[in-house]
Amino acid sequence: MAPLGRKLYQRLLLFVLLPISGVFSFSELFFIKEPHDVTVMRKEAVILDCQARGEAPMDVRWLRNGVKLAENERVYLLSNGSLFISEVESRRGDKSDEGCYQCLAQNKYGTIMSQKARLTIASMSSFALQPTSIVVTEGSVARFSCKISAHPPPIITWEFNRVTLPLSTERITVLPSGVLQIHGVQRGDAGHYRCIATNIASRRRSTEATLTVTPSPGLQLPQRPRIIAGPQNISVSLHQTAILECLATGSPRPIVSWSRADTKSIDVYNTKVLGNGNLIITDIKPQHGGVYMCRATTPGTRNYTVASANVTVLAPPSLVEWPESLTRPRAGTARFVCHAEGSPVPQITWFKNGEKVHSNGRVKMYNSKLVINQIILEDDAIYQCQAENELGSVLSMARLIVVMSEDRPSAPRNLQADTVSSSAILLAWERPQYNSDKVIAYSVHYMKAEGLNNEEYQVVIGNDTTRYIIDDLEPARNYTFYVVAYMPMGASRMSDHVFQHTLEDVPLRAPELSLTSRSPTDIQVSWQPLPLKLSRGRVSSYRLSYRTSSESAVTQIELPGEKTKHFLESLHPDTIYLLRIVAATSVGWGEQSAWTSHRTPKASSAQVPLAPELYLEPLNCTTISARWQLTPRNSAKILGYRLFYHEESQPESSPVQLRASSHTYVIEGLDPRKKYHVKLLAYNVVGDGYQADQTISTPGCVSVRDRLVPPPPPPNNVQARANSSSTVFLQWGRPAFTSSNAVNFTVRCNPVGLQNASLVLYLQTSKQSLFVQDLEPNTKYEFAVRLHTDQLSSPWSPVVYQTTFPEAPTRPPSNIKVTLIEADTALVSWKLPDEPNVAVTRYTILYASRNAWIAGEWKVLQREGSITMALLENLSPGQVYLVKVSASNNMGDGPFSNAVELTVRSDLSSSNDVGLSRSSTHSTGFSDGFYHLDQTSMTGITVGVCIALICIIICAFIIVCRGKNRKLSAAKIYREELRTAAAASAHRGAEEPDQNSELTMPMMSQRHFIDAKGGTNLIINSLGPIQSTLEKKNKWSFFRCDVKNDIKILQNKEHDAISYQPGTTVLTYEQELSVSPNQPIPLQDLLRSTDDVEGSSSSEGSHETGDSGRYSHDETELANLSSGPNSRPLTPTSEDRGDGGRSAAEPSELSEENHADLKGKKSVDSGCSHQEAHSSSQSAHCM
């Protein structure tokens, strides 16, 4: 038991210490100094540092451009491992010392590589751009530029008449990019200018350019701002300086300002303006990237012009996740992770002991990871991850330690492979020599022997057999096999590798045919050789069959397997021919292709385009790329192309119309593993040209189960920025996966809401950014990107939207009309410029009389883009005015229209045509929020108002007539009611004399009666209602109310009787009211029984104002107007009050014709109180 316990303790200690040993693995070999980029002079000595530390013995060697560097007398290693070059040579070819250098250090643990260092020899080429002579006007702007390539970058200075100019003054600016700007040119600036470029290698002078200054005109007309040198798209490395030039001219001198298209603020700490508008960004960082807009504005106006450019910030790689050392047992799995950032996105490369790792069999690379399966002893090494882009590289290393176990079985022996068929091979082996009784399973591994990056497949079988048939192989292929034995403690080493090939088979399918005609009587038949996966062996021959569509007789031609085309002659013009082909190997003939149709051209003397040369290529399982070019023999001018495509055995669809400048088209949305017929022809004014027919098959979509790796994810972080009115800059990130095969991208672009799918634009690129050009201005587009690799396609990325900048108007406003609407005022109107997708934010109107125009004195008006008219005021009579209009937007100003003349006459009464213009007059205008009407409009409005007044008068007359009729009818009704009420009252008075202490006494003769029910001042006799003379004289007197009358009545209400006078209100009281004048009367004291308010209704419309629209004096005689807010309701009788005694009568206004005196202390019936309420309502109205 003791040895067993000691053995378990040793194993436990081993597994505990293994991770610790992995942690300290870096101390076994590492660099303390690595080489860096250097620029030196020719014949100068240089040392490239390289010092490594690790367990001895240690060997150091150098690589130049990936090839081992040979030492000589001039180039050799120092004792510390650094490389010394005594005299740097700059000869052509391999003899030059320029290039990328890398140091490798090696000991028993493995090999490590240093970072790359570039050795550059200082140099200066000739000028790529020389300054040119210019002629400018005094007071304007002059600009010279030069360009030269040099290492290191040169310092640019300028000379004027061989005297060095200062780099920056109030008028002169010298940009580091080689541009000289002179503002406010003076006559003394005329002379000769030249550019001087200087670096450590050389000093060069450009040719001289002459500046000629012409005198400025005495009177300078206003000029819109114009950017004569705008910013350019640039890519700048991290921490470098970006220069954006913006040179503008105009009259008066424009003001230059900068902004970002994404509305972000510009970094004020790292940004400054050099000269008169040039933007300099120092120590540039990723956040400085974007679209910058230069804006030149005329002072005091909204007139400006814009130019823009994109700044791309390039950054060298930097690791954000790096590999860590691992300790793994044999037959285990190791995973190293390496993730880097940079711009452009860095490529990840893995190295094992200084050698590049290829994805093959057990070793796979994807998603920035290195995965090693079935670890063997040879996998014990130092692994390095290198992230590299065009700005540099960075490395990180880790070690893999493989642990061996004593109790594991030895490898299986005597592995043999025998071919069974074109897709099957039989494997047989012997059991391991040691510990074979502990084997629980075998693992069979196989993969293709030819090529790199082949996938390794694995099959696990039980321990009860040592034979296995692999039956999913491809015909005519070489394969490699090995077997591993497994036991509970782990796996054995791999067996020896064996190679075996499968047999040939008949071709899986026929080639794809491509058909074109050179004349009406021939067909050129061509095809591509079958890939090995489809041919399943070497193709020995082809058989081509053809016939016409109307005949059944078939002609067959047998061709050797090396041929890929055949020319058919002596055919009939304008005839449909059907063709098909079949391929054969040594085993036999394969399956024939389907019939492919082709119509020979018509025999005509008209010259139509020849058939284009068509090339089809499947990009993935659902997409085909079509490329074409016209044959050199084609001399006919073309108007465009028509592209037809349809699935085999399906009807032909409508064509896709393409421009004459198009040479590529991407066919999307196809089905996998289907055959498609594609036809292309060019056309011109004569008709359709000769057609090119071709068939192609889409591949199958490889699933995760088939490939053992997931399909690539879509590109991420897709960003779109408008760069101009026709260009959008698109940028995206590559997803986190790694493939050693080429990766390309498809960009989809179309306007938002597009209905025609054939107008969708598909662009191919291998980079991670693209300028999408030839777009429509001021149009919103949607963009999506997908990735393609190894016949796999990612899904489309999320859609991003971007609107192109509007284009500056290229045409003036249309339909300009000028109309004189007053003696000194004219209305000018216009419409949008006659061009599509134009955006207008501002209109500029220039106008001047002929005398002022000759003197150059224009008056300027500006209106917002939504307003299309303006008033020209304070015009002088007897003058002829010139008017012109221009449209502008954020991108610049459009041209002015032709001048429109307007004659302002001194005597406007002599003619109806007061406005003389080149356009028709306008009846109305709108400016500054007011309407201005001409004479015709005023006449029309006057006539309309008169007609309306006449109608109103007629309606009023009809209403008055109808009112009098109603008045006569009402009088008769009131007389009858009065007689009935008098009789009833006399009867009640006789029966109950004690209960009614107050009687209503007649105050008129027998022939005259008062309306005791309606509560008005109406007096009725036997002939009907009558009216007093005084009341007739004061018919409208209710507008002159006297509030004091009511106050006096309240103050004198203690009197038992007052004298009666015509036209006044009579109040009689038997008991003083128990309320003060200022105290509101309770609602119970103001209401009466429903029998007494039978006729008291009033117009609600007169409650507040006392004027209801029917408030004439005649109407008041019949209408009850007592319900206004200041009216007093009827006073309740003693029965209603419940006080057992008397009631106070409310004031009542009576009017009678004979002015009789009123005598008596009894109050009138409470029905008379309605008229008091009427009087109170009138008083409230006057207040």
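So, in region 181-196, of the ones that are in a strand (DSSP E or B) and without any contact (Cβ under 8 Å) to a residue 40 or more places away in the chain, which residue ends up nearest to Ser126 (Cα to Cα)? Before the answer, list the steps.
Looking only at region 181-196, we keep the residues that are in a strand (DSSP E or B), and these are 181-182, 191-196.
Remaining after also requiring without any contact (Cβ under 8 Å) to a residue 40 or more places away in the chain: 191-192.
On the way: Gly191: 24, His192: 20 Å.
Once the filter is applied, the top-ranked residue is His192.
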Taking region 345-362 and the residues there that are farther than 28 Å from Val60 by Cα and in a strand (DSSP E or B), the one that is nearest to the chain's Cα centre (by Cα) would be Asn360
Considering Arg627, Arg580, which residue is within 26 Å of Ser519 (Cα to Cα), assigned to a strand (DSSP E or B), open to solvent by less than 80 Å² (accessible area, probe 1.4 Å) and of a type in the set (D, E, K, R)?
-> Arg580
Selection from region 277-305 of residues open to solvent by 50 Å² or more (accessible area, probe 1.4 Å) and touching a Leu at 6+ places or on another chain (Cβ under 8 Å) yields Lys285, Pro286
In region 425-441, is there at least one residue being in contact with a strand residue (DSSP E or B) (Cβ under 6 Å, 6 or more places away or on another chain), in a loop (DSSP other than H, G, I, E, B), closer than 17 Å to Phe499 by Cα and open to solvent by 20 Å² or more (accessible area, probe 1.4 Å)?
-> no
Can you give me the ranges of the strands (runs of 3 or more DSSP E) entirely in region 201-254 with at least 2 residues that are at pLDDT below 90, open to solvent by less than 30 Å² (accessible area, probe 1.4 Å) and under 15 Å from Val185 (Cα atoms)?
-> 247-251
Just to be sure, is Arg509 touching a helix residue (DSSP H, G or I) at 6+ places or on another chain (Cβ under 7 Å), open to solvent by 10 Å² or more (accessible area, probe 1.4 Å) and either of a type outside the set (S, T, N, Q) or at pLDDT 85 or above (or both)?
-> yes
Would you point out the residue of region 409-420, among those that are over 30 Å from Tyr366 (Cβ atoms) and at pLDDT below 85, that is surrounded by the most Cβ atoms within 10 Å (Cβ to Cβ)?
-> Pro409
In this structure, is Thr844 within 29 Å of Ala307 (Cα to Cα) and out of contact with any His (no Cβ under 6 Å at 6 or more places or on another chain)?
-> yes
Is there a residue in region 605-623 that is more than 51 Å from the chain's Cα centre (by Cα), loosely packed, with under 14 Cβ neighbours inside 10 Å and either in a strand (DSSP E or B) or of a type in the set (Ser, Thr, Tyr) (or both)?
-> yes
Filter the strands (runs of 3 or more DSSP E) completely within region 788-836 down to those with at least 1 residues that are charged (D, E, K, R) and either in contact with a helix residue (DSSP H, G or I) (Cβ under 7 Å, 6 or more places away or on another chain) or open to solvent by 60 Å² or more (accessible area, probe 1.4 Å) (or both).
-> 826-831
Filtered residues of region 171-183 (kept if open to solvent by 30 Å² or more (accessible area, probe 1.4 Å) and either more than 20 Å from Leu247 (Cβ to Cβ) or of a type outside the set (D, E, K, R) (or both)) = Pro176, Ser177
Could you tell me whether Val785 is surrounded by fewer than 20 Cβ atoms within 10 Å (Cβ to Cβ) and among the hydrophobic types (A, V, I, L, M, F, W, C)?
-> no
Scan region 849-856 and give yes if some residue there is open to solvent by 40 Å² or more (accessible area, probe 1.4 Å) and closer than 30 Å to Pro713 by Cβ, otherwise no.
-> no
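Sort through His501, His497 and tell me the only one that's under 30 Å from Asp437 (Cβ atoms) and of a type outside the set (D, E, K, R).
His497
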Is at least one residue of region 738-758 touching a Phe, Trp or Tyr at 6+ places or on another chain (Cβ under 6 Å), at pLDDT below 85 and not charged (D, E, K, R)?
-> yes
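Residues in region 14-36: is at least one in a loop (DSSP other than H, G, I, E, B), small (Gly, Ala, Ser) and either farther than 18 Å from Thr111 by Cβ or at pLDDT below 85 (or both)?
Initial filter on region 14-36 (in a loop (DSSP other than H, G, I, E, B)): 34-36.
Pick out the ones that are also small (Gly, Ala, Ser) and you get none.
No, that holds for no residue.
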Across region 320-357, which residue is surrounded by the fewest Cβ atoms within 10 Å (Cβ to Cβ) among those that are under 18 Å from Ala387 (Cβ atoms) and in contact with a Leu (Cβ under 6 Å, 6 or more places away or on another chain)?
-> Gly354
For the subset of region 410-424 comprising residues that are among the hydrophobic types (A, V, I, L, M, F, W, C) and assigned to a strand (DSSP E or B), which member is nearest to the chain's Cα centre (by Cα)?
-> Ala417
Pairs where the first residue, in region 78-91, is of a type in the set (S, T, N, Q) and the second is part of a loop (DSSP other than H, G, I, E, B) and open to solvent by less than 10 Å² (accessible area, probe 1.4 Å), C-beta under 7 Å, 6+ apart = Ser82/Cys50
Can you tell me which residue within region 444-466, out of those that are touching a Ser or Thr at 6+ places or on another chain (Cβ under 8 Å) and among the polar types (S, T, N, Q), is modelled with the lowest pLDDT?
-> Asn453
Tell me, yes or no, whether region 264-275 has at least one residue that is open to solvent by 30 Å² or more (accessible area, probe 1.4 Å), among the small types (Gly, Ala, Ser) and assigned to a loop (DSSP other than H, G, I, E, B).
-> yes
Quick one: in region 138-170, which of the residues that are under 43 Å from the mean Cα position of the chain (by Cα) and within 30 Å of Leu219 (Cα to Cα) is most open to solvent (accessible area, probe 1.4 Å)?
-> Glu170
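If I filter region 307-327 for residues that are outside any loop (DSSP other than H, G, I, E, B) and under 27 Å from Arg863 (Cβ atoms), do I get at least one hit?
yes
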Only listed residue being part of a strand (DSSP E or B), of a type outside the set (Gly, Ala, Ser) and open to solvent by 70 Å² or more (accessible area, probe 1.4 Å), chosen from Gln650, Gln657 = Gln657
Thr312, sole failed condition from (1) at pLDDT below 90; (2) in contact with a strand residue (DSSP E or B) (Cβ under 9 Å, 6 or more places away or on another chain); (3) of a type outside the set (Lys, Arg) | (1)
Test set (1) in contact with a strand residue (DSSP E or B) (Cβ under 8 Å, 6 or more places away or on another chain); (2) among the aliphatic types (A, V, I, L, M); (3) without any contact (Cβ under 8 Å) to a residue 24 or more places away in the chain - Ile281 fails condition number | (3)
Enumerate the strands (runs of 3 or more DSSP E) found wholly within region 74-132, keeping only those where 2 or more residues are among the acidic types (Asp, Glu).
-> none
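The values are calculated or read from the model by the stated rules, or taken from the named source; none is laboratory data. Since we're looking at a predicted model, the values are computed, not measured. A quick note on method: Cβ atoms are made from the backbone with ideal geometry, for glycine too, and the neighbour counts reach across all protein chains shown. Ligands, DNA and RNA are excluded from the accessible area calculation, which covers all protein heavy atoms including side chains. Shrake-Rupley method; radii C 1.70, N 1.55, O 1.52, S 1.80 Å.
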